[in-house]
Amino acid sequence: MDRVRRIALTLINAHPDKFSADYQKNKQAVQELVSFHSKQLRNEVVGFITHYMKLQAKGQEVAEAESEQAVESPAEAAPAESGS
């Protein structure tokens, strides 16, 4: 696993409530939690965290939509008989 991903996932697992899909808020949170010597490395870690959190949010939305669809499906699954 590469360095950026390892650092980002370690931070996310240690402090999941501090991160969101907003890059600027994540940047501030990372600056509070970790001291980086390299501005580029910090920005890459923050970018990965933001990308990861967006994917997590999208995954939750998909899961919620699928569960709502599963609840509606039994009523829709009843075959409609035509009068012809």
Fewest-first ordering of Val34, Val62, Val45, Val4 by Cβ atoms within 10 Å yields Val62, Val34, Val4, Val45
The local net charge around Ala8, scoring Lys/Arg +1 and Asp/Glu -1 for residues other than Ala8 whose Cβ lies under 12 Å from its Cβ, equals +2
Within the under-13-Å Cβ sphere about Phe36, not counting Phe36, Lys/Arg +1 and Asp/Glu -1 give a net charge of +2
A convex hull over the alpha carbons of the range 3-59 yields, per residue, a volume in Å³ of 69 Å³
Given 21-27, 47-53, the highest-first ranking by average Cβ count within 10 Å works out to 47-53, 21-27
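Taken together, the values in this text are just the output of simple stated rules run on the coordinates, not laboratory data. None of the values given here were measured: they were computed from a predicted structure. All Cβ positions, even for glycine, are placed from backbone atoms using ideal geometry, and neighbour counts span all protein chains on display.
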